[in-house]
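Nothing in this text is a laboratory measurement; each read-out follows from the coordinates by a stated rule. In this text the structure is predicted, and so the values were computed from the model without any measurement. Backbone-built Cβ (ideal geometry, glycine too); neighbour counts: all protein chains shown.
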Amino acid sequence: MAWIVPRAVAKAASLGTGIRGVDHIGLVVRDIAAATAFLEAAIGARVIYDTLPLGADPQEGHDAESRLGLASGARIVAIRMMHLANGPGIELFQVEADDQHGPARSSDLGWQHIALYTDDIDAALVRFAQAGGTVLSRPHSLPPQEAGPGNQFCYAQMPFGPLIEFITYPHPQPYREQTDLRRWTPPAS
């Protein structure tokens, strides 16, 4: 059953969202240890903590299914929060389910990728590939609203399916001349 928003909450929400930004990104994997090793080697992610250590009692049953939107009979057997240099963390979920499907393709509905800003796109792609990821193409120039010398992006795929976009834009982007709004860019380390 979906949550019904109380009137007081709805009224407060109409005054402002209070949203500060993206906190973390959730990622379902078949093997949390392998996913952790890959993310450490490929993008320098580090384990912060385990919310549900592998080997503990799994989250399953009606409560977990309704609270998290899991398929009937699915079990979360491990949850781990990982840290990146800046920006949102990555929360890994090792889930077991009879009807589990492979990762979505870029043409499927839903979240398509996460993007990681890098100061050196070539070095980031080499590290990613050496860790076992697949770089899908060479870096490309960003589209006109984001274009500039050295402003590039490239998609790559993790061994367990999800896509990462590596992006860099050291040169000011043209969109900045048309609006006062700014996209969030991780600060330099």
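Normalised size of the chain, defined as Cα radius of gyration per 2.2 N^0.38 Å with N residues, equals 1.19.
Label reach from Arg183 (point 7 Å along Cα→C-beta): in the range 24-65, no amide nitrogen lies under 12 Å. Using R0 = 30 Å, the C-beta based FRET efficiency linking Arg176 and Glu40 works out to 0.30.
Remark on Leu116: its backbone amide H falls under 5 Å from those of Glu165, Phe166, Ile167, a criterion applied only to residues 5 or more positions apart or on other chains, H modelled at 1.01 Å from N.
Each of Arg20 and Val47 was given a label point 7 Å from its Cα along the Cα-to-Cβ line. The distance between the two points is 2.7 nm. With viscosity 1.567 mPa s and temperature 4 °C, the Kirkwood radius over alpha carbon pairs of the range 51-124 converts through Stokes-Einstein to a diffusion coefficient of 87 µm²/s. Spin-label pair Ala64-Asp122: with each label point 7 Å from Cα along the Cα-Cβ axis, the two points sit 4.7 nm from one another. Computed over neighbours whose Cβ is under 15 Å from that of Gln59, the net charge equals -4, Lys and Arg +1, Asp and Glu -1. Close amide-amide hydrogen proximity is noted between Gly89 and His24, Ile25, each under 5 Å apart and 5 or more residues distant or on a separate chain (H modeled in the peptide plane; Pro and chain starts excluded).
For the range 162-177, putting each phi into the Karplus relation 6.51 cos²θ - 1.76 cosθ + 1.60 with θ = phi - 60° gives couplings of x, 9, 10, 9, 8, 9, 9, 8, x, 9, x, 8, x, 4, 5, 7 Hz, in residue order, rounded to whole numbers and with x for Gly and Pro. Counting charges near Ile32 (Lys, Arg +1; Asp, Glu -1) among other residues having Cβ under 14 Å from its Cβ returns a value of -2.
Calculated [222 nm] ellipticity per residue, helices only, for the chain: -6000 deg cm²/dmol; basis is -39500 (n - 2.57) per DSSP H run with n ≥ 4, divided by all residues, nearest 500.
Rounded to the nearest angstrom and listed largest first, the equivalent-ellipsoid semi-axes of the range 85-145 from its Cα gyration tensor are 26, 16, 14.
Taken over the Cα atoms of the range 110-189, the convex hull encloses 114 Å³ per residue. The angle separating the long axis of helix 32-43 from the principal Cα axis of greatest extent in the chain is about 10 degrees.
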